Each structure stands twice: as C-alpha cells, then as structure tokens.
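Scroll down for the structure; my scribbles are underneath it.
Just so you know, all these numbers are worked out from the coordinates, no wet-lab data involved. Every value quoted in this text rests on a predicted model; they were computed, and no experiment measured them. Glycine gets a Cβ as well: all are built from the backbone with ideal geometry, and neighbour counts include every protein chain shown.
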Amino acid sequence: MHIARTIPELREFLGDSRQAAFVPTMGNLHEGHLTLVRKARSLGEVSVASIFVNRLQFLPHEDFDTYPRTWESDCEKLRSAGCDLLFAPDEKALYPEPQTCKVHPDPLLADTLEGEFRPGFFTGVCTVVMKLFACVQPRAAVFGKKDYQQLMVIRHMVRQFALPIEVVGAETERADDGLALSSRNGYLDKQERIQAGQLSATLRSVAQAVRDGDRDFKAIEARATTALAARGWKPDYIALRRRSDLQLPTSGDSLVVLAAARLGATRLIDNLEIDV
C-alpha cells in the first residue's frame, strides 16, 4: 500500500488514471470501513482510502481533539483489506489557507435530523468531501449506509454539481447484538456496551409496527422514544422518513427509520430501511 501525504504525491501516484474508487474516512477504522474498502476494490482499477479528521464538521463542544487517532492499526487494517493507496494529509496539506469557500447543502435535506442537532455539520462534511473528490478524482466513491443522511446529502451534492462520480452505498456492518459498527462505540464502557444493542432493537420494533400496518407514524415515533428513554437513553430523535429525500412520509412511500440517542456520554446513530 502506497501512502501519500500531500496532494502532489497523491496525483503523482494516480497519474492519468480516472478509474479510482475512493473511501473517505476519519480513521480509527473498524470492520465497517474495511467492508467499504473491499467494495471499492471491485469498482475501480485503484482503491484509494483517505484518513483525515476534519475539523470543519465538529462543533465547538464536540470531540475533535480527543477523537481517536489509531494510525498504525489503521494502516495495518487497510493493507489487509487490499487498499492500494492511502491519502493521509495533515491540515496544512489539505487546507493550506483558511477554507473560506464552503459547500452549503440543500437545507431541506441537511438542516433536519442530524442537521438540527449539529448545525453546520453537513457544510463541513460536504466541503471536505468535495475537496477530497477534487484531489482523488475518483470514478466511484463508497459510503456506509449507517450514516444514512450523510449518504443522501453527498449524493445530492454530486448530482447538483454534475460530478462524474458514482456514489455507492454499502450496507451497515453490525455486531452480533445488532449494534451498528462505529468508531464512537469505543467510548462505551462495559455496561453501556451491553445496553447499546437496544438502539437497533428499537428501530426493528418501529419497522415491525409499520409492516403490521400501523400508519400513525407520529405515535410510533413517540412510543419508541418513550421506550428508549425508559431504558436510560437520551434520544435526540427517532424519525420515520421517506427514503428518497428524508422528508415526512406519505402513503405509499418507501420508508427509513433514523435515530440518534445518547447512552451515557456517547451519542450513537443508526437507521433501518423498511421493506413493506
């Protein structure tokens, strides 16, 4: 695996290739990330992953400084997954001057759910992803469905800017108890980890209610929120939305249920597409 630390090094390695498949990450990698890398290998001549902890998507009170940096372990995992190129710039390499030009996504898509609780988050995401796309110039990019709203926002950005990039969504990797794999799972203590599977179980209960014919979506959301809170969680939202644009559903829409909740000091997100 080749490691490029600067944009010129990256471009020199890629040469004139426009057949790269790209997986952007913030490091602290787990099996979910490696699934994305393996998928990328089938989508391009060169598989490229990036590790960059993007300051722009952290709010002032969030964990930028303490976000886990696990460089040696990450490199070993990427090599084992068959990654061809790792792009690992520092802030000076990716942002050599203050990043005053930013990508502001459609507020209808980005200012709800995560955007409501983390204002400015998706502007930071879109700005860094657009810059990484400009650096790598991939033919395909792979994102996990665990960050469902992020996937939708990135797809919308690519479509709006007519970028020649296929955005591929990969299914969420889960632990045996249903917990979606996430870098932030490492913040859970032993007891919290035992409880953490309750989030995915709650989503499954919501999905089952919909499959059973219940169409009072607000009542379903309220029951699920109350049940999760009774187990010691602090839910930000449990929301049924239509898959196409994450707006409020109407009859006949394909649905997804999305959730974010705190267990102790750790905020977890998850979602489940509902097949009726």
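In region 112-185, what GluC sites (Glu not before Pro) fall in a loop by DSSP, with at most 14 other Cβ atoms inside 10 Å? Walk me through the intermediate numbers first.
Details: sites: Glu114, Glu116, Glu166, Glu171, Glu173; in loops: Glu171, Glu173.
Listed in order of number, the matching sites are Glu171.
Placing unit charges on the Cβ atoms only, positive for Lys and Arg and negative for Asp and Glu, gives region 1-151 a dipole magnitude near 420 debye about its Cα centre. Centre-to-centre separation between the Cα atoms of region 261-276 and those of region 46-71: 21 Å. Compute the long axis of helix 71-80 from its Cα atoms, compare it with the longest principal axis of the Cα atoms of the chain, and write down the angle in degrees, 0 to 90, nearest 10. In the chain, helix 71-80 runs at an angle near 90 degrees to the longest axis. Taking 0.36 nm per residue of sequence separation and removing the Cα-Cα distance, the Tyr67/Ser42 pair yields an extension gain of 6.0 nm. Applying both filters, DSSP loop and at most 15 other Cβ atoms within 10 Å, to the chymotrypsin sites (Phe, Trp or Tyr not before Pro) of region 136-171 gives Phe161.
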